[in-house]
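One structure is given here, and the rest of the page talks about it.
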Amino acid sequence: MASPTQKVYIDESALEGIEGNAGEEITLPISYTTSDEKNETTGISFDLLYESSVLDFQSFEVVDSLKGMVWQDSAANNPVDDSSNADSDTSTDKKISFNYLDLMGQWPGQTLPVVIGTAKFKISDSIPQEGAATKISFAANEEHIKYGFEGVSLTLGDEPTPGDKPSDETA
């Protein structure tokens, strides 16, 4: 029997209203659930990875009801280089570490799925006019003793397909 997993993801409904324009600020709620629907664990430790040439990290805010847990706030607001290539994607070059810990084994203690925090980014002023695609992904930075990890990547924007160029034709 496979062990249960802890899943971290961004609900795609959060993308509604994002236009993808240079300089636009975007807010992405980070959600959490478990495959066995148990809402009492000792916590989770993971990285959020992103491409810094497209997204400029602004801040991370933990959900108020989870602040009573042992929370490592300094790591979550200080992106570092992804020198270990934690998500096996060379396009993501920065990571932010998240560590939720509850020694009593009661984290998050709320109905699942639950939003555990909100990441805020600004789209780079230097993205091409025709747009760009970028991925936000998640990787475990410490394995849980009873759970595997499932990080669901999210792609923002559309990658231009070959031949998709603005038309220079005149009628």
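Assorted remarks:
- Number of residues in the stretch 101-133 that are part of a strand (DSSP E or B), within 19 Å of LEU15 (Cβ to Cβ) and open to solvent by 10 Å² or more (accessible area, probe 1.4 Å): the value is 5.
- The criterion of being modelled with pLDDT under 90, among the hydrophobic types (A, V, I, L, M, F, W, C) and in a helix (DSSP H, G or I) does not hold for ALA86.
- Of the residues making up the stretch 115-133, those that are under 21 Å from ALA22 (Cα atoms) and either in contact with a helix residue (DSSP H, G or I) (Cβ under 9 Å, 6 or more places away or on another chain) or at pLDDT 90 or above (or both) are THR118, ALA119, LYS120, PHE121, LYS122, ILE123, SER124.
- Exclusive hit being open to solvent by less than 90 Å² (accessible area, probe 1.4 Å), aromatic (Phe, Trp, Tyr), at pLDDT 85 or above and over 23 Å from PRO4 (Cβ atoms), set PHE149, PHE138, PHE98, PHE60: PHE60
- Residues of the stretch 20-36 classified as at pLDDT 95 or above and not in a strand (DSSP E or B), total: 2
- Yes/no for GLU16 being exposed (fewer than 15 other Cβ atoms within 10 Å of the Cβ) and free of Cβ contacts under 8 Å to residues at least 24 places away in the same chain: yes
- Hits in the stretch 152-169 (condition: closer than 20 Å to PHE98 by Cβ and either modelled with pLDDT of 90 or more or open to solvent by 70 Å² or more (accessible area, probe 1.4 Å) (or both)): VAL152, SER153, LEU154
- Residue check for ILE10: at negative phi, at pLDDT 95 or above and among the hydrophobic types (A, V, I, L, M, F, W, C): yes
- Just one of the numbered conditions (1) among the charged types (D, E, K, R); (2) more than 23 Å from SER84 (Cβ to Cβ); (3) touching a residue at least 24 places away in the same chain (Cβ under 8 Å) is not true of ASP64: (3).
The values are calculated or read from the model by the stated rules, or taken from the named source; none is laboratory data. Note that the structure is predicted; figures quoted are calculated from it, not measured. Heads up, the Cβs are rebuilt from the backbone with ideal geometry, glycines too, and the neighbour counts pull from every protein chain shown. Remember, those area values only see protein heavy atoms, side chains included, never the ligands or the DNA or RNA. Shrake-Rupley method; radii C 1.70, N 1.55, O 1.52, S 1.80 Å.
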